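Structure record follows, encoded as structure tokens.
The values are calculated or read from the model by the stated rules, or taken from the named source; none is laboratory data. Predicted model only: the values in this text are computed from it and were never measured. No Cβ is skipped: glycine too gets one built from the backbone with ideal geometry, and neighbour counts run over all protein chains shown. SASA here: full protein model, heavy atoms, side chains in, ligands and nucleic acids out. Shrake-Rupley method; radii C 1.70, N 1.55, O 1.52, S 1.80 Å.
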Amino acid sequence: MKSLLLIASFLLICSCSEDDTNDTPNTNTAEQVRAANDEEITTFIAANNLEAQKTDSGLYYVIDEEGTGARPTATANVTVGYRGYYTNNVAFDEGTETGFSTNLQNVIPGWTEGIPLFREGGRGMLLIPSHLAYGLNGFRSIPGGAVLIFDINLISVN
């Protein structure tokens, strides 16, 4: 009886183990991912001859057009035209011509911090490390640890 119980336990454990065909889980620490993200962003900036600024949080931004309207706060309602893509220029999302309206408290931290750097009518780019986006776990089609780049057009502060 004991050997039958031992065999049943062994089979249960084996059936619950991961399939060898699965991808290896990300074992990088948050600090390693931050360093890798920063290197990826600075490489992208250099390759594209951008003049970017970096905030204390690690967000990079480029302001192509300052804009002349109001500057939103981190809690403002805004309408933003955007295109989101990775550093390899593969797009993952794009807003409509009329823009995307939202409260800046309902978006990723990189937008909450970055959109207020623009004035209404302003255009530029946000280069967002993963800790200011979807972190190590990712979200839907966004992989964990991904750097996200957004071309931004701040249409209005509502």
- Which log10 I(q)/I(0) values, to two decimals, does the range 23-105 give at q = 0.16, 0.24, 0.26 Å⁻¹ under the Debye formula with one point per Cα? -0.93, -1.35, -1.34
- Item | Paramagnetic label zone (point 7 Å from Cα along Cα-to-C-beta, ARG34; backbone N under 15 Å) in the range 45-70 | 55-60
- For the range 68-139, fraction of C-alpha pairs farther apart than 22 Å, in %: 19
- GLY138's amide H: which non-local residues (gap 5+, or another chain) put their own amide H closer than 5 Å, with H modeled 1.01 Å from N in plane and none for Pro or chain starts? GLY144, GLY145
- Query: Using heavy-atom solvent-accessible surface (probe 1.4 Å) with all chains present, what is the largest-first order of THR112, THR98, THR79?
  - Reply: THR98, THR112, THR79
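Which value, in Å², gives the accessible area per residue of the range 37-158 when a 1.4 Å probe is used on the protein heavy atoms? Present the calculation step by step, with values, prior to reporting the outcome.
On the way: 6140 Å² over 122 residues.
Ligands and nucleic acids excluded, the figure is 50 Å² per residue.
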- Item | Cα pair distances of the range 15-158 binned at 5 Å [whole percent] | 2, 10, 18, 22, 19, 13, 7, 4, 3, 2, 1, 0, 0
